[in-house]
Amino acid sequence: MSQSVLLTIARASIEEVLQGQNSINRRELLEQFPILSEPMATQITLYLGTKIRGSAKTQTAERSLLEDIIYNAKTAAFQDENFDPLVTSEYLHATIHLTIFSPEGELSHQSDPILSE
């Protein structure tokens, strides 16, 4: 599975809240990428430039990888107690850093912002 799929899920999770509509087709993703149904913990950290803008981390693998990415992306963007909820203008400039805590070890992926500074 490509890292872009995982980062696309993270971005789509945030967009669902910003746009007020469900857009992630969970069934299709699980059919295409069965590994997304495996329980795995993740961490999502949002950056604006080099500064952290929000973060969320799961301590134990209780949810599927798909649901954990969705949950932590939304939590990092809108429920991190250290920050106000993310707004669209910030989202467009945000970098998303995703870490997966798999049985084989940590795997990290990072997206580029949608709009460059």
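The values are calculated or read from the model by the stated rules, or taken from the named source; none is laboratory data. Keep in mind that this is a model prediction, so the values were computed, not measured. Cβ atoms come from the backbone with ideal geometry, glycine included; neighbour counts cover every protein chain shown. These area figures cover heavy atoms from the full protein model, side chains too; ligands, DNA and RNA do not enter into them. Shrake-Rupley method; radii C 1.70, N 1.55, O 1.52, S 1.80 Å.
Things worth noting here:
- GLU81 falls short on exactly one of the conditions (1) in a loop (DSSP other than H, G, I, E, B); (2) in contact with a Gly (Cβ under 8 Å, 6 or more places away or on another chain), and that condition is (2).
- Matching residues, segment 1-16, being open to solvent by 70 Å² or more (accessible area, probe 1.4 Å) and in a helix (DSSP H, G or I): GLN3, THR8
- Residue within segment 83-104 that is farther than 16 Å from LYS57 by Cα, over 15 Å from the mean Cα position of the chain (by Cα) and among the polar types (S, T, N, Q) present: yes
- Residue that is most open to solvent (accessible area, probe 1.4 Å), among those in segment 17-62 that are basic (Lys, Arg) and part of a strand (DSSP E or B): LYS51
- All of THR60, THR8 fail the test of being without any contact (Cβ under 8 Å) to a residue 40 or more places away in the chain and within 12 Å of ILE96 (Cα to Cα), apart from THR8.
- Test for ILE52: is it touching a Ser or Thr at 6+ places or on another chain (Cβ under 7 Å), in contact (Cβ under 8 Å) with a residue 12 or more places away in the chain and under 25 Å from SER116 (Cβ atoms): no
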